[in-house]
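Structure record follows, encoded as structure tokens.
Nothing in this text is a laboratory measurement; each read-out follows from the coordinates by a stated rule. What you see is a predicted model, and the numbers here were worked out from it, not measured in a lab. When we count neighbours, we look across all protein chains shown, and the Cβ atoms used for this are built from the backbone with ideal geometry, even at glycine.
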Amino acid sequence: MKITHIEHLGIAVKSIEEALPYYGNVLGLTCYNIETVEDQKVRTAFLKVGDTKIELLEATSPESTIAKFIENKGPGVHHVAFAVADGVAGALVEAEEKGVRLIDKAPRKGAEGLTIAFLHPKSTQGVLTELCEE
Ligand code: ZN
């Protein structure tokens, strides 16, 4: 696969409203989009940081993986998302061939209209890894 850059860093927060003043007032970053991804039971807020982004993730249901993550580990860095230039579908095939456990067997729609898929942290040195393409 051909990774071009870190597309975004996903950060689990208890509340986007409570987290945004830190990112805005202290770091001086601007939130340009808030959207709910229904099937993931999350609300996301995006902030630009140069060529990459911060994605704040808030659970919209106690069954959300973000709610479970915060319950186990507390708020903090949740995943790293890499932009794949030659497509997520091919990257998944390649990763699986190389013995990586997949969370998503096929690409799906994520926030911001991106096509995404997750690799399991058990196969990625403990870092939940998202692959995405525009
Ligand atoms: Zn993400």
Rounded to the nearest 5, the percent of antiparallel DSSP beta bridges in the chain equals 75
With the charge dipole of segment 75-132 built from beta-carbon charges (+1 for Lys and Arg, -1 for Asp and Glu) about the Cα centre, the Cα from 93, 77, 111 projecting farthest to the positive end belongs to 77
Rounded to the nearest 10 degrees, the helix 88-97 long axis (Cα) sits at an angle to the longest Cα principal axis of the chain of 60
Shape descriptors of the chain over alpha-carbon atoms, Rg and Dmax in angstrom, are 14.6, 45
Checking segment 48-123 for chymotrypsin sites (Phe, Trp or Tyr not before Pro) in a loop per DSSP with at most 10 other beta-carbon atoms within 10 Å yields none
Within segment 98-131, DSSP-loop trypsin sites (Lys or Arg not before Pro) with at most 11 other C-beta atoms within 10 Å are 98, 105
Segment 113-129 and segment 6-51 have their Cα centres apart by a whole-number Å value of 19
Note, segment 32-47: 3J(HN,Hα) by Karplus (6.51, -1.76, 1.60, θ = phi - 60°), whole Hz, Gly/Pro = x, goes 10, 7, 10, 8, 9, 9, 4, 5, 9, 6, 9, 10, 10, 10, 10, 10
Given unit charges at Cβ for Lys, Arg (+) and Asp, Glu (-), the dipole magnitude of segment 43-126 about its Cα centre in debye, nearest 20, is 160
